[in-house]
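Structure provided below as C-alpha cells; questions to follow.
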Amino acid sequence: DTAVSQTPKYLVTQMGNDKSIKCEQNLGHDTMYWYKQDSKKFLKIMFSYNNKELIINETVPNRFSPKSPDKAHLNLHINSLELGDSAVYFCASSQWEGKETQYFGPGTRLLVL
Amino acid sequence: TQLLEQSPQFLSIQEGENLTVYCNSSSVFSSLQWYRQEPGEGPVLLVTVVTGGEVKKLKRLTFQFGDARKDSSLHITAAQPGDTGLYLCAGPRLTNYGGSQGNLIFGKGTKLSVKP
C-alpha cells in the first residue's frame with residue numbers, strides 16, 4: 001500500500017487552463033503539505049493543513065487553492081496556469097503539526113505549454 | 001530568515017570513494033533531517049538528528065549534528081552506484097515565538113553521482 005499517493009503523476013496542459021492535483025495519505029496523519037520543486041530541485045513549502053484546516057499559506061499566488069475534504073486528502077487546484085507554474089509538486093504528510101518526520105508522495109510533474 | 005546552505009551542489013565520484021556533504025546555517029535548528037530523493041520519486045527520510053554533537057550511523061552513512069545545532073554533515077564510506085541521488089537537508093521552520101512549525105525548510109540539495 002502506498003502511504004502518500006498523488007494523481008496524476010504527469011500533467012501537460014496549455015497556459016490559461018485550470019487543473020487539479022489530488023493527494024491521499026493512508027497513514028492516519030493529521031497534517032498534510034504541498035511543496036513545489038523547481039527545475040533546480042529546490043523544494044519549497046506552499047501550504048500546510050492540519051485536520052482539514054489551513055495553517056500555513058506561504059507567498060503563493062491566489063490562483064492556487066488547496067482543498068481538504070477530510071484529513072486524509074489534500075487537493076490542489078490551479079487556475080489560469082502560467083508557464084512559471086511548471087514544476088514538480090509534492091504532497092507530504094506528518095503525524096501532527098510540528099512532528100517533523102514527513103512522508104512524501106511520488107510527485108506530480110506539471111508542464112505548462 | 002532561516003536558510004540551509006548545502007555544499008557541494010554536485011558531486012561525481014567513483015565507486016569505492018568516500019565523500020562528505022555539508023549543510024550549514026546561521027540559525028539554530030531544533031533538529032535537522034537528511035532526505036534522499038531518487039529521480040522520479042519523492043524525498044525519503046534517512047535520519048533525524050536532534051542533539052548537538054549527535055552522530056548517527058546508517059550502514060555506510062554517518063550523520064553528524066554540529067555542537068551549536070547550526071550545521072550537519074553526511075559522510076558516505078565506500079560509495080556505491082546505489083547511493084546516487086539528490087541528498088537534501090531540512091529543518092523545521094521556527095515560529096516568531098521560537099517554537100517549531102510543522103513545515104520544513106530545505107537546502108538546495110547535493111546531487112551525487114557514483115560511477116561504477
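Of the conditions (1) aromatic (Phe, Trp, Tyr); (2) away from chain A (no Cβ under 12 Å); (3) not in a strand (DSSP E or B), B:PHE29 fails just one. Which one is it?
(2)
Could you tell me which numbered condition B:GLY42 fails, if it satisfies all but one of (1) within 13 Å of the chain's Cα centre (by Cα); (2) within 12 Å of another protein chain (Cβ to nearest Cβ)?
Unmet for B:GLY42, out of (1) within 13 Å of the chain's Cα centre (by Cα); (2) within 12 Å of another protein chain (Cβ to nearest Cβ): (1).
Where residues in region A:51-104 are of a type in the set (Val, Ile, Thr) and in a strand (DSSP E or B), which of them is surrounded by the most Cβ atoms within 10 Å (Cβ to Cβ)? Before the answer, list the steps.
In the first step, residues of region A:51-104 are kept if they are of a type in the set (Val, Ile, Thr); the result is A:55-56, A:59-60, A:78, A:88, A:101.
Filter once more, so that each one left must be in a strand (DSSP E or B): A:55-56, A:78, A:88.
Working: A:ILE55: 15, A:ILE56: 18, A:ILE78: 21, A:VAL88: 19.
Among those residues, the one meeting the criterion is A:ILE78.
Which of the residues belonging to region B:20-38 are of a type in the set (A, V, I, L, M) and either under 16 Å from A:PHE42 (Cα atoms) or surrounded by fewer than 19 Cβ atoms within 10 Å (Cβ to Cβ) (or both)?
Correct list: B:VAL28 only.
Turning to a different aspect of this structure: Starting from region A:1-21, keep only residues that are charged (D, E, K, R), then list their pairs with residues that are outside any strand (DSSP E or B) and surrounded by 13 or more Cβ atoms within 10 Å (Cβ to Cβ) whose Cβ atoms are within a distance under 8 Å, requiring at least 6 positions of separation or different chains.
A:LYS9/A:PRO106; A:LYS9/A:GLY107; A:ASP18/A:ASN79; A:ASP18/A:LEU81; A:LYS19/A:LEU81
Looking only at region A:59-104, count how many residues are at the interface with another protein chain (Cβ under 8 Å from one of its Cβ atoms) and not polar (S, T, N, Q).
Going through region A:59-104 one residue at a time, the tally reaches 9.
Can you find a residue in region B:14-25 that is at positive phi and free of Cβ contacts under 8 Å to residues at least 60 places away in the same chain?
no
Then there is this: Starting from residues that are within 11 Å of chain B (Cβ to nearest Cβ) and either outside any strand (DSSP E or B) or touching a Lys or Arg at 6+ places or on another chain (Cβ under 9 Å) (or both), keep the ones in region A:22-35 and report whichever is surrounded by the fewest Cβ atoms within 10 Å (Cβ to Cβ).
A:ASP30
Read the figures in this text as sums done on the coordinates, not as results from a lab. Everything numeric here is computed off the predicted structure, so don't read it as measured data. Counting neighbours? That spans all protein chains shown, and the Cβs are built from the backbone with ideal geometry, glycine included.
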